[in-house]
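Here's the structure, in structure tokens; my notes come after.
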Amino acid sequence: MARIRLALIGCGGMANAHQRRFDRLQHQLQLVGAADIAVEKAQAVAALFPGTRAVADYRDLLGEVDAVLIALPHHLHHPAAKACLEAGKHVLLEKPMANSEAECLDLIAAARAADRTLMIAYCMRFHPLVSRMKELLDHRAYGECFQVSIWTEQHTQYPPDHWASSAATLGGGQLFSHGCHYIDILLWYLGRPLRGTHLGTNTGTPWMEREGTSNVSIEFEGGRLGYHFGTWGARGTRLGYAFHAHCTEGLIEADITRGQLLLHSGRTRERAGESLHARRGDGELLLEAESGKHTENEMAHFLDCVEQRKQPLTDGPGSLQGLRVIWRLYEAECDNRVADLRGLGLDQCN
């Protein structure tokens, strides 16, 4: 089968994480072009892939490709993705889908009208530790899950005039920009949300117009709870990137930073000949994975969906639900109340 011809639109930031792994998909993917308004960035990418053309305007590449990967500032997602869909191209669009519900719905409609794949690049869905945790939870391998907690602690600082410092161009704050990954994961793991709260602050992250540190608590159907703490102001960290799933027969830990999936339980300690509280932090190793973003898995899924005409795991309607949760949490925070999240389940797309 012929390789899918791809253009990379936007060659800074997240684009670097993608292109570093393109070599693992050479049997499916041919990078035909790279576009960036700062053309020297596009040229730097093109230099790594012989035969790739560098341009300043992505529209100059649309006649040469089957699909595009869009990694632009958030406020540019909607116009660029819509232009590509209307030109008949399949689109892998970096998260978040767009900065408003109207723009998201417009992209979903454009993809349907063009009969083209629209996939949102929630790369954490395709991380081996995260997907294996999902399988364990679905199969109740360690009993019923009643709490999932996710921590993402990092230091991410932008200059005052950077697009990511502005709430208007970023689309919100840390929760919208980065926490959308983990709201998506909580919905994927736990199902329908009922109510929730968000508290955010830019104390410690004064370069952010909106929150640089975010705390989210959500109640799901069945009494399950989800929590996400994210900060761009960490000057140090113990947890780094960590997922904890408390189940009735043990704790499943995905240590994203160290690349380990661990089980913590009384049975684990008994097998090790230790007491329950001894050697805190150790556990039974369930899986190891390479550290970092596994964007090659995400891209492979996108390419399979294009070739086989399958619905992406992170399609437009499903991805919109996580953003609707965030927008409703933001609204409730402003009103000093608990957010009603009913009616925003994964099966609701309009």
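The values are calculated or read from the model by the stated rules, or taken from the named source; none is laboratory data. Computed from a prediction, not measured in an experiment: that's the story for all the values here. Positions of Cβ are backbone-derived with ideal geometry, glycine not excepted, and every protein chain shown enters the neighbour counts.
Annotations for the structure displayed:
- All positions within the range 41-69 that are farther than 18 Å from Arg3 by Cα and in contact (Cβ under 8 Å) with a residue 40 or more places away in the chain: Tyr58
- Taken over the range 8-57, the criterion of being at pLDDT below 95 and acidic (Asp, Glu) is satisfied by Asp23 alone.
Here is a yes/no grid of residues against (1) at pLDDT 95 or above; (2) assigned by TED's automatic domain parsing to the domain that holds Leu199; (3) at negative phi:
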| site | (1), (2), (3) |
| --- | --- |
| Glu253 | yes, yes, yes |
| Arg267 | no, yes, yes |
| Arg271 | no, yes, yes |
| Ser275 | no, yes, yes |
| Gly281 | no, yes, no |
| Leu285 | yes, yes, yes |
| Gln348 | no, no, yes |
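- Scanning the range 45-69 for residues that are farther than 18 Å from Glu94 by Cβ, assigned to a strand (DSSP E or B) and among the hydrophobic types (A, V, I, L, M, F, W, C) yields Ala54, Val55.
- Note on the range 48-69: residues that are in contact with a Lys or Arg (Cβ under 9 Å, 6 or more places away or on another chain) and within 18 Å of Ser319 (Cβ to Cβ) total 2.
- Condition broken by Leu31, with the remaining ones in (1) within 15 Å of Glu296 (Cβ to Cβ); (2) surrounded by fewer than 17 Cβ atoms within 10 Å (Cβ to Cβ) satisfied: (2)
- Residues that are out of contact with any strand residue (DSSP E or B) (no Cβ under 8 Å at 6 or more places or on another chain), of a type in the set (A, V, I, L, M, F, W, C) and crowded, with 17+ Cβ neighbours inside 10 Å within the range 44-75 comprise just one, Ala44.
- Residues that are under 16 Å from Ser149 (Cα atoms) and either in contact with a Lys or Arg (Cβ under 8 Å, 6 or more places away or on another chain) or crowded, with 23+ Cβ neighbours inside 10 Å (or both) within the range 196-223 comprise Gly196, His198, Ser214, Val216, Ile218, Glu219, Phe220, listed in sequence order.
- Taken over the range 34-43, the residue count meeting the criterion of being crowded, with 24+ Cβ neighbours inside 10 Å and touching a helix residue (DSSP H, G or I) at 6+ places or on another chain (Cβ under 9 Å) is 3.
- Whichever residue in the range 145-177 is touching a helix residue (DSSP H, G or I) at 6+ places or on another chain (Cβ under 6 Å) and over 27 Å from Leu76 (Cα atoms) and, among such residues, is surrounded by the most Cβ atoms within 10 Å (Cβ to Cβ): Ile150
- Of all residue pairs spaced 6 or more apart or on separate chains, those with beta-carbon atoms under 7 Å, a first member in the range 221-241 that is under 20 Å from Thr205 (Cβ atoms) and a second member that is of a type in the set (Asp, Glu) are Thr231/Glu153; Ala234/Glu153; Thr237/Glu153; Leu239/Glu153; Gly240/Glu153.
- Test: Leu175 is in contact with an Asp or Glu (Cβ under 9 Å, 6 or more places away or on another chain), more than 18 Å from Thr314 (Cα to Cα) and in contact (Cβ under 8 Å) with a residue 24 or more places away in the chain: yes
- The residue of the range 14-28 that is surrounded by the most Cβ atoms within 10 Å (Cβ to Cβ), among those that are of a type outside the set (A, V, I, L, M) and touching a strand residue (DSSP E or B) at 6+ places or on another chain (Cβ under 9 Å), is His18.
- Extreme residue, farthest from Thr213 (Cα to Cα), among residues of the range 237-257 that are among the acidic types (Asp, Glu) and surrounded by 15 or more Cβ atoms within 10 Å (Cβ to Cβ): Glu253
- Pairs with Cβ under 6 Å, 6+ apart, first in the range 282-311 and under 27 Å from Arg5 (Cα atoms), second among the basic types (Lys, Arg) and at pLDDT below 95: Thr295/Arg21; Glu296/Arg21; Glu296/Arg24
- Of the residues making up the range 110-144, those that are surrounded by fewer than 14 Cβ atoms within 10 Å (Cβ to Cβ) and not assigned by TED's automatic domain parsing to the domain that holds Leu263 are Arg112, Ala113, Asp115.
- Of all residues in the range 126-155 being in a loop (DSSP other than H, G, I, E, B) and out of contact with any His (no Cβ under 8 Å at 6 or more places or on another chain), the one that is farthest from Gly322 (Cα to Cα): Tyr142
- Looking at Leu92, Leu72, Leu105, Leu76, just one residue is within 21 Å of the chain's Cα centre (by Cα), part of a strand (DSSP E or B) and within 24 Å of Gly316 (Cα to Cα), and that residue is Leu92.
- Here is the figure for the range 184-195: residues that are assigned to a strand (DSSP E or B) and crowded, with 23+ Cβ neighbours inside 10 Å total 1.
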